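Encoded as structure tokens, the structure appears first; notes follow it.
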Amino acid sequence: MTEFLIRRFVRDYAHTENEKVRAAYGRFSGAVGLLTNLVLAAIKFAAGSLSGSLAITADAVNNLSDSASSIVTLVGFKLSEKPADEEHPFGHERFEYLSGLVVSFVILVVGLQLAQDAVSKILQPVVPVFSALSVGILALSILAKLWQSLFYRNIGRRIQSGTLFAAAADSRNDVIATGVILLGILITKFTGVNLDGFMGLAVAILVLLTGIKLVKETSDPLLGEAPSKELVDKIYNAVKAYDGILGAHDLTVHNYGPDRWFASVHCEVDARKDVLVSHDLIDNIERTVGPQLGIQLVIHMDPVITDDPRTNHLKLQVQKMVQAVEPKATIHDFRVVWGPTHSNLIFDVCAPFSCSLSDEEIAERIHQGVKALSENYYPVVTVDRDFVREEADTGEKE
């Protein structure tokens, strides 16, 4: 059914890499979600009124909040289509993240209200009226929400949308919540134990947990989260595949929307080569790798000396010493200014954010380590942090 609807309502549905097609998928998903959630909310409100069940009414309110979420999703995808302008040169695709964040807060507010009502019902219980109609409506709702979850997940995978993945998870939670309510009604009917308020509280807690989870997921890209290991490895592997690239480091990736990525990376080249030849290599990588991966790629060229045995040996010593200070740290841009009375060791140290030492403490311990190698060595160290996930392959060549 999902495939039929996509073919019917999404023009050029196969070209998901196209921004306009992606936005069309988003608008279509929002419209379908809005319609189904409004229908479910209306039916459950009727069933809750007939049976006097707070739990069913709470579930109806949950569906109503889902309708509001669908509206926000619809508007978010529409606004994200706006092209870049002078005030927003990186485009407007982050509207999709903002819409997801708004949805998350709506869910939290609804969850708090439901929890308050449920506690009141627990303290002053009212036995709900059992009816086959209410049970049938809840069973139908479970099936509808299960389809909705699969629908969102299907389209989310097609366009890699975090907002739709969140909507799929929310719909899946609704299946669980409605199932809990249905179970409570049946228990009350056949045992006489009134669990209506408790089941309503269970739904409220589930809504709150979902809201908290979605707040984190939707705020992470707005705050600036680390790129995925897959993307990091793709960039490093693509860059290091070129002859003449000796190593790569200091990768930073910025995201201004699901289809708008910017990255910069430092690439080491042989200092003996003509600078124009190396620059031409860097230009070719930027023009080829960037479009291949769908990112705006900028590369900084770092010339390094590779044929000085004394420098290479000292670099290995310093690398071992640095890893004794922090096992996951790496060094790069290593060079030595040799002198008759003392030599300057100039290099950068990249430490993970998981390292408990401050930058100043790392620099001080490295300074002491270099001095332990020789009193005639004077370290000039720059400490920076790794902006990619620690488990990602840095792509350094040995």
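The values are calculated or read from the model by the stated rules, or taken from the named source; none is laboratory data. Small disclaimer: the values here were computed from a predicted structure and weren't measured. Neighbour counts are summed over all protein chains in view; Cβ atoms, including those assigned to glycine, are modelled from backbone coordinates with ideal geometry.
Things worth noting here:
- Scan of the range 50-62 for residues that are at pLDDT below 80 and either out of contact with any Pro (no Cβ under 7 Å at 6 or more places or on another chain) or assigned to a helix (DSSP H, G or I) (or both), ordered by number: Leu50, Ser51, Leu54, Ala55, Ile56, Thr57, Ala58, Asp59, Val61, Asn62
- Within the range 1-20, the residues that satisfy the criterion of being part of a helix (DSSP H, G or I) and free of Cβ contacts under 8 Å to residues at least 24 places away in the same chain are Glu3, Phe4, Arg7, Arg8, Phe9.
- Boolean, Glu268 is under 28 Å from Leu223 (Cα atoms), surrounded by 12 or more Cβ atoms within 10 Å (Cβ to Cβ) and acidic (Asp, Glu): no
- Some residue of the range 136-144 being among the small types (Gly, Ala, Ser), under 18 Å from the mean Cα position of the chain (by Cα) and surrounded by fewer than 23 Cβ atoms within 10 Å (Cβ to Cβ): no
- In the range 65-100, the residue that is surrounded by the fewest Cβ atoms within 10 Å (Cβ to Cβ) out of those that are within 16 Å of Thr218 (Cβ to Cβ) and among the small types (Gly, Ala, Ser) is Ala68.
- Residue among Leu357, Leu345 that is of a type outside the set (S, T, N, Q), under 22 Å from Ile305 (Cβ atoms), assigned by TED's automatic domain parsing to the domain that holds Ala271 and in contact (Cβ under 8 Å) with a residue 24 or more places away in the chain: Leu345
- Residues that are in contact (Cβ under 8 Å) with a residue 60 or more places away in the chain and of a type outside the set (D, E, K, R) within the range 181-201 comprise Ile181, Gly184, Ile185, Thr188, Asn194, Gly197, Phe198, Met199, Gly200, Leu201, listed in sequence order.
- Filtering the range 187-225 to residues that are hydrophobic (A, V, I, L, M, F, W, C) and either surrounded by 21 or more Cβ atoms within 10 Å (Cβ to Cβ) or closer than 13 Å to Asp174 by Cα (or both) leaves Leu195, Met199, Leu201, Ala202, Val203, Ala204, Ile205, Leu206, Val207, Leu208, Leu209, Leu214.
- Exactly one residue out of Val253, Val269, Val265 is part of a strand (DSSP E or B), in contact with a Pro (Cβ under 8 Å, 6 or more places away or on another chain) and farther than 26 Å from Glu96 by Cα: that is Val269.
- Scope the range 310-362; condition assigned to a strand (DSSP E or B), more than 36 Å from the chain's Cα centre (by Cα) and of a type outside the set (D, E, K, R); matching residues: Val336, Val337, Ser343, Asn344, Leu345, Ile346
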